[in-house]
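What follows is a single structure, written as structure tokens, with notes after it.
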Amino acid sequence: MEIKNSLAASIDITQKTMPYDASCKRILAERYILANIMRSCLREFQELPVGTIAAECIHEHPLLSTVPIAPDETGAFLQGLDKAQTSPTEGSVYFDIYFSAGVPDSDDDVQLIINIESQNNYYPGYPLVKRGIYYCARILSAQKGTVFAKSHYEQLRKVYSIWICTHPPKNLRNTIKIYHITEDDIIGSSQDDAKNYDLLAVIIICLGTQDDENYQGILKLLGVLLSATIKPEDKKQILCSEFGLPITENLEMEINQMCNLGEALYKEGEACGEARGEARGIKIGIEQTVLSSIQSLMETLKLSAQEAMNALRIPESEQPHYLEKLVR
């Protein structure tokens, strides 16, 4: 197999077919994008201006695909991130976006750890919310030895795991759900301080189309930002005029790149098909390019076939077709 014989070829294919996912992460990690998500979805920031959140609440630079999730080897989360964790059963797996944040001058000294994931498939074979809870649990447990020492559990920081679903089922489009810990009395009536138990929350943002009354605010911002069909010029105009989003040189570059990826993949497949000289060259060429990309991700990033196809944003209806060819 050419992929196995040439790591350079593998990396080249990955770079040609994976930039959408990478650009998506980089775009979502822009401080003003994060600030809009935080203000819209996290109660700790709802009273603060977006500019204040971007400038003062987000600590340092968000980490992209750097912090490991793997459960069976130790490793630091907020410190010493040069040592990756590797699970022998699932390979190296990383959070998409990972950063810490706080509310300046707050009475409760609010300090949070936030994880953001971009998800194409809402039904990847398990309930997505369970994966979100698992991510929160991993971040909570990893704070011992990094955020606090010994038995100082009072120093635990609250964790948010935010999932942005780009292709949810129709009944969930343009919705935002939160799953979090609440207190209920079984016998008697008392109330503990919420900061002692409100330590994790999973938020699932399901994007949708504009023909819906909920298509506004953060749902519209993210929908426009991550759309594969809206032209770059129109995206920038909407983001700037409707949401006051600063279009930096870096953000403009990422938007332009993301919008060109579909065309680039098509041309790659077309060239491959023409070179093979087959009547159905274009279709076959695209298929071969996608298959090579799946195999490349599986080998270079140690992903499963399902994870590789999700990363490439292959529609769920087409995945069995590629899975069958991978098995052969």
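The values are calculated or read from the model by the stated rules, or taken from the named source; none is laboratory data. As the structure is a computational prediction, the values presented were derived from the model and not from experiment. As a convention, Cβ positions derive from the backbone with ideal geometry for all residues, glycine included, and neighbour counts pool all protein chains shown. Heads up: the accessible areas ignore ligands, DNA and RNA and are worked out on the full protein's heavy atoms, side chains in. Shrake-Rupley method; radii C 1.70, N 1.55, O 1.52, S 1.80 Å.
Has segment 69-79 got any residue that is open to solvent by less than 50 Å² (accessible area, probe 1.4 Å), under 25 Å from L42 (Cβ atoms) and at pLDDT 75 or above? Full working, then the answer.
Of the residues in segment 69-79, the ones open to solvent by less than 50 Å² (accessible area, probe 1.4 Å) are 69-70, 75-77.
If we keep only those that are under 25 Å from L42 (Cβ atoms) too, we end up with 69, 76-77.
With at pLDDT 75 or above added as a condition, the list becomes 69.
Yes, there is a match, as at least one residue in segment 69-79 is open to solvent by less than 50 Å² (accessible area, probe 1.4 Å), under 25 Å from L42 (Cβ atoms) and at pLDDT 75 or above.
Residue count for segment 90-130 under the criterion of being crowded, with 17+ Cβ neighbours inside 10 Å and out of contact with any strand residue (DSSP E or B) (no Cβ under 8 Å at 6 or more places or on another chain): the result is 1.
Run E183 past the list (1) modelled with pLDDT of 90 or more; (2) not in a loop (DSSP other than H, G, I, E, B) and report the number of the one that doesn't hold. Single failed check for E183: (2). Within segment 315-328, the residues that satisfy the criterion of being at pLDDT below 80 and either assigned to a helix (DSSP H, G or I) or under 23 Å from T166 (Cα atoms) (or both) are E324, K325, L326, V327. Every condition in (1) in contact (Cβ under 8 Å) with a residue 60 or more places away in the chain; (2) part of a strand (DSSP E or B); (3) open to solvent by 80 Å² or more (accessible area, probe 1.4 Å) holds for K195 except the one numbered (2).
When each of L222, L312, L239 is tested for being in contact with a strand residue (DSSP E or B) (Cβ under 8 Å, 6 or more places away or on another chain), modelled with pLDDT of 75 or more, open to solvent by less than 70 Å² (accessible area, probe 1.4 Å) and of a type in the set (A, V, I, L, M, F, W, C), the lone residue that passes is L222. A search for C-beta distances below 8 Å between a residue of segment 210-229 that is closer than 18 Å to L251 by Cα and any residue that is of a type in the set (F, W, Y) and in a loop (DSSP other than H, G, I, E, B), counting only pairs 6+ apart in sequence or on different chains, returns G223/Y215.
Limited to segment 166-180, what total is found for residues that are outside any strand (DSSP E or B) and charged (D, E, K, R)? Residues meeting the conditions: 2.
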